[in-house]
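**Student:** The structure under discussion is supplied below as structure tokens; questions concerning it will follow.
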Amino acid sequence: MSKKMQAAVVEAFGQKLVLKELDIPTIGPGQILVKTEACGVCHTDLHAAHGDWPLKPTPPFIPGHEGIGIVVALGDGVTAVKEGDRVGVPWLYSACGHCEHCLAAWETVCGEAEFGGYTKNGGFAEYIVADPNYVAHIPNGLSAVEAAPIICAGVTTYKGIKETGARPGQWIAISGIGGLGHLGVQYAKALGLRVCAVDIDDRKLAHATKLGADAVVNAKQPGAVEAVIKATNGGAHGVLITAPSLIAFNQGVAMTRKRGTCALVGLPPGEFPTPLFDVVANCITIRGSFVGTRLDMAEALAFAAEGKVKADIELQPLSAINDVFERLQNGDVPSRVVLDFSNH
Ligand code: NAD
Ligand code: ZN
Ligand code: ZN
């Protein structure tokens, strides 16, 4: 094994990533080393590289939280995985395991959680150090490339849909049909929901129709909210907002049916005003949803392994990362880009 690896590093917020040759990291007790096969590029990686959020990572760091690879080394005491296993190193990199949230199987909100590609180096590199207790276990039959988008975009939309409480036969409106949303449409259909897809790009809407959406609405058209309310015969029982745009949040709340739930998933920096009278008088629930627990992860992967959900993937080499970021920023990525490390 060579002692060096290629990695894409954020050295300063808002700057291009720097492709570098770094030492392969060494592992300590309780850690594992994963040789990366594939890593998806999530819009969150852009927020990370821009320092968009109140809790900021500390440059230099390696983004990427859809990294899938093979376990190549075990630290002392590791029993949860073995060498040769295929694992994913997700956003929820680790948690304390002991706080009230961890005990309630809500490890996603653990105050001591670490985040892959954010507070810990991630998958835009040929090797990743991981916590074996929090890696995703990739089912047989699912390739690394296919699994990559599932471990963030997939689990996040699967969980977010569940959090709306929408039941089979009811309507879900999904705002933002990019990396997250195109999987959200598929999970929602697999869960027996009727789907109204909402985006500002007609190409994304045409894709949503191909994936089984029952109705589509362009969020930029005049009367877009009314169009969703009409299509869903009174508003969607569940609304899932994945769009990285504040206006989508105002629209999403307004599309929610009386007594329905609007789940917020997209993370553009900022705030949005809430129309109090409407939310109160219509008994609407607005709730945040943050990735998913390890159990959600296993469930989300099982849908993919059974072929019920399949990410649309464009493969690119690690060296293309700055172009990919620019296209993602401009809305020019059709669904998901996955960085392919297989020729390394
Ligand atoms: P993406 O860029 O692949 O997709 C975004 C989609 O939103 C695009 O199709 C775009 O056309 C559409 N869009 C933009 N403005 C819109 C608007 N006003 N109305 C409707 N659609 C609009 O991004 P992604 O990787 O799917 O990530 C989306 C967001 O979700 C990001 O902010 C990301 O940080 C966040 N995210 C949150 C979690 C979580 O746990 N809550 C997990 C992953 C990603
Ligand atoms: Zn993500
Ligand atoms: Zn905890």
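Residue-wise test of (1) away from ligand 2 (no atom under 16 Å from the Cβ); (2) in contact with a helix residue (DSSP H, G or I) (Cβ under 9 Å, 6 or more places away or on another chain); (3) not in a loop (DSSP other than H, G, I, E, B).
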{"position": "Ala105", "(1), (2), (3)": "yes, yes, no"}
{"position": "Gly122", "(1), (2), (3)": "no, yes, no"}
{"position": "Tyr134", "(1), (2), (3)": "no, yes, no"}
{"position": "Ala148", "(1), (2), (3)": "no, no, yes"}
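**Student:** Right, here's the next one. Being open to solvent by less than 20 Å² (accessible area, probe 1.4 Å) and more than 16 Å from ligand 2 (Cβ to nearest atom) is the filter; apply it to the range 80-91 and report the residue that is nearest to Pro29 (Cα to Cα).
**Tutor:** Val81
**Student:** Which of the residues spanning the range 44-56 are within 16 Å of ligand 2 (Cβ to nearest atom) and at positive phi?
**Tutor:** Hits for the range 44-56: nothing passes.
**Student:** Another question, if that's okay. Taking the condition modelled with pLDDT of 95 or more and within 19 Å of Arg86 (Cβ to Cβ), does Leu339 pass?
**Tutor:** Taking the combined requirement at face value, the residue satisfies it.
**Student:** If you go through the range 210-268, how many residues are part of a loop (DSSP other than H, G, I, E, B) and not small (Gly, Ala, Ser)?
**Tutor:** Matching residues across the range 210-268 total 13.
**Student:** Among (1) crowded, with 21+ Cβ neighbours inside 10 Å; (2) over 17 Å from the mean Cα position of the chain (by Cα); (3) within 13 Å of ligand 3 (Cβ to nearest atom), where does Ser94 come up short?
**Tutor:** Among (1) crowded, with 21+ Cβ neighbours inside 10 Å; (2) over 17 Å from the mean Cα position of the chain (by Cα); (3) within 13 Å of ligand 3 (Cβ to nearest atom), the lone unmet condition for Ser94 is (2).
Matching residues to (1) within 16 Å of ligand 2 (Cβ to nearest atom); (2) closer than 26 Å to Glu146 by Cα:
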site	(1), (2)
Phe13	no, no
Leu22	no, no
Gln31	no, yes
Lys35	no, yes
Cys39	yes, yes
Cys42	yes, yes
Thr58	no, no
Pro63	yes, yes
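**Student:** May I ask you to list the residues in the range 122-141 that are open to solvent by 10 Å² or more (accessible area, probe 1.4 Å) and over 17 Å from the mean Cα position of the chain (by Cα)?
**Tutor:** Across the range 122-141, the qualifying residues are Glu126, Tyr127, Val129, Asp131, Asn133, Pro139, Asn140, Gly141.
**Student:** Also, I was wondering about something else. Restricting the first residue to the range 1-27 and requiring it to be touching a residue at least 40 places away in the same chain (Cβ under 8 Å), which pairs with a second residue that is of a type outside the set (A, V, I, L, M, F, W, C) and part of a strand (DSSP E or B) meet a Cβ separation below 6 Å and a spacing of at least six or different chains?
**Tutor:** Pairs found: Met5/Tyr127; Ala7/Lys20; Val9/Lys20; Ile24/Tyr127.
**Student:** Continuing with the same structure: Give the residues of the range 1-49 that are open to solvent by 40 Å² or more (accessible area, probe 1.4 Å), in contact with a Pro (Cβ under 8 Å, 6 or more places away or on another chain) and closer than 25 Å to Gly154 by Cα, sorted by residue number.
**Tutor:** His43
**Student:** Please enumerate the residues belonging to the range 231-287 that are within 22 Å of the chain's Cα centre (by Cα), within 20 Å of Asn218 (Cα to Cα) and β-branched (Val, Ile, Thr).
**Tutor:** Val239, Ile241, Thr242, Ile247, Val253, Val265
**Student:** Given (1) free of Cβ contacts under 8 Å to residues at least 24 places away in the same chain; (2) farther than 30 Å from Ile313 by Cα, identify the lone condition not met by Glu83.
**Tutor:** Just one mismatch for Glu83, condition (2).
The values are calculated or read from the model by the stated rules, or taken from the named source; none is laboratory data. Since we're looking at a predicted model, the values are computed, not measured. Backbone-built Cβ (ideal geometry, glycine too); neighbour counts: all protein chains shown. We work out accessible area using only protein heavy atoms, side chains counted, and drop any ligands, DNA or RNA first. Shrake-Rupley method; radii C 1.70, N 1.55, O 1.52, S 1.80 Å.
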